[in-house]
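Shown next, in structure tokens, is the structure this report addresses.
The values are calculated or read from the model by the stated rules, or taken from the named source; none is laboratory data. Fair warning: this is a prediction, and the values are worked out from it, not measured in the lab. Don't worry about glycine lacking a Cβ; one is built from the backbone with ideal geometry, like all the others, and counts go over all protein chains shown. Ligands, DNA and RNA are excluded from the accessible area calculation, which covers all protein heavy atoms including side chains. Shrake-Rupley method; radii C 1.70, N 1.55, O 1.52, S 1.80 Å.
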Amino acid sequence: MKLSPIFVGGAGRSGTTLLRVILDAHPSIACGPELKITPALCQLWLNLQTAFLPALEAYGAGAEDVNDAVAGMLGRFLGPYLSRSQKSRIAEKSPNNVFFFEHLHLIFPESPLVHVIRDGRDVVCSLLTMNWVDPTTGAPIDYTRDVQKAAEYWVKAVRAGRTAEKNVEGRCFELRYERLVADPEPTLRALFTFLDEPWDARVLRYHEDKHRNLAGESSATQVSKPIYAAASGRWSRDLTAAQKAIVKDVAGPLLIELGYATDLDW
Ligand code: A3P
């Protein structure tokens with residue numbers, strides 16, 4: 001049976017892990033730790049659909065076979081987790097899924113996509129406290145080490161998600177972190193309506209599940225707490241004037257477009 005996972009993405013440090021535990025607290029949805037491989041599989045899918053398609057066609061395989069093979073591979077990895085959870089649906093949250101929403105939509109046309117967006121100034125502050133490394137090379141990830149790169153990463157991720165939103169025929173829900181933490185229930189009710197799931201108040205008590213495996217997740221401590229709003233707007237305390245100038249230069253127009261700022265006077 002072909003799965004139609006719910007895919008969650010967004011710039012890292014936008015509250016994606018908080019959403020993962022909230023989804024996992026719903027009685028119908030299993031959402032485990034980041035699988036991380038979705039972007040790599042999408043890249044493989046793209047190569048098979050383009051450069052390697054003629055070679056596959058010589059074997060009688062076509063575009064549909066590529067879709068089925070890649071969907072099957074992801075299903076093979078997600079399926080056992082779903083079975084163990086005894087729930088009916090699975091969600092996969094890896095921040096960089098956001099760069100592949102359009103590909104995912106072509107591979108899994110029924111899959112809902114959720115784009116988590118947070119004020120880029122707060123995302124930059126948060127990224128700079130991370131010590132992430134590329135899992136394939138062990139090399140430090142540059143956008144956790146440099147303000148300009150962090151701001152560029154945020155712009156790239158948000159633009160990718162917003163472009164996809166226009167091209168996936170109503171399959172993408174944009175979830176604002178600030179709304180989620182300021183007004184959790186209405187924000188989540190809208191999300192679960194989009195996911196075609198009934199409202200269940202247990203999603204707000206995600207932190208009561210002491211058996212959820214959070215090992216290795218950067219936000220494990222934070223997502224073990226009830227929703228708090230204290231991390232919203234941290235940039236006004238945490239960014240230096242020099243850092244603000246860089247963020248403004250790189251991300252100012254997008255912050256205005258998203259309604260996080262009205263001008264560049266901050
Ligand atoms: P800060 O580092 O600014 O505190 P992600 O999981 O996408 O990497 O996002 C991490 C951010 O989500 C963190 O930002 C963290 O505060 C926020 N977050 C995690 N759990 C939260 C909770 N219970 N309430 C509000 N925000 C939370």
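Descriptive notes on the structure:
- Within the set LEU204, LEU214, LEU264, LEU255, the sole residue that is surrounded by fewer than 18 Cβ atoms within 10 Å (Cβ to Cβ), out of contact with any Cys (no Cβ under 6 Å at 6 or more places or on another chain), over 29 Å from ASP24 (Cβ atoms) and not acidic (Asp, Glu) turns out to be LEU264.
- Test set (1) over 22 Å from the mean Cα position of the chain (by Cα); (2) part of a helix (DSSP H, G or I); (3) under 15 Å from CYS125 (Cβ atoms) - TRP266 fails condition number: (2)
- Residue check for ASP68: among the charged types (D, E, K, R), at pLDDT below 95 and open to solvent by 20 Å² or more (accessible area, probe 1.4 Å): no
- Condition check for TYR177 on (1) out of contact with any strand residue (DSSP E or B) (no Cβ under 9 Å at 6 or more places or on another chain); (2) among the hydroxyl-bearing types (Ser, Thr, Tyr); (3) within 15 Å of the ligand (Cβ to nearest atom): one failure, at (1).
- Condition met for LEU127 (crowded, with 23+ Cβ neighbours inside 10 Å and away from the ligand (no atom under 13 Å from the Cβ)): no
- Per-region count, segment 26-44, residues open to solvent by less than 20 Å² (accessible area, probe 1.4 Å) and in contact (Cβ under 8 Å) with a residue 40 or more places away in the chain: 7
- Complete set of residues in segment 218-231 that are within 6 Å of the ligand (Cβ to nearest atom) and surrounded by 13 or more Cβ atoms within 10 Å (Cβ to Cβ): SER218, SER219, GLN222, VAL223, ILE227, ALA231
- If you go through segment 154-185 and keep only what is in contact with a Cys (Cβ under 7 Å, 6 or more places away or on another chain) and either among the hydroxyl-bearing types (Ser, Thr, Tyr) or surrounded by fewer than 21 Cβ atoms within 10 Å (Cβ to Cβ) (or both), you end up with just GLU165.
- A single member of ARG89, ARG76, ARG118 is buried (at least 18 other Cβ atoms within 10 Å of the Cβ) and either over 30 Å from TRP199 (Cβ atoms) or within 14 Å of the ligand (Cβ to nearest atom) (or both), and it is ARG118.
- For segment 130-141, a residue qualifies if it is open to solvent by less than 80 Å² (accessible area, probe 1.4 Å) and within 19 Å of the chain's Cα centre (by Cα), and the qualifying residues are MET130, TRP132, VAL133, ASP134, ILE141.
- Taken over segment 1-25, residues that are open to solvent by less than 10 Å² (accessible area, probe 1.4 Å) and within 12 Å of the ligand (Cβ to nearest atom) amount to 11.
- Within segment 199-217, not a single residue is closer than 23 Å to PHE100 by Cβ, under 16 Å from the mean Cα position of the chain (by Cα) and away from the ligand (no atom under 16 Å from the Cβ).
- Qualifying residue in segment 9-28 (condition: part of a strand (DSSP E or B) and at pLDDT 95 or above): yes
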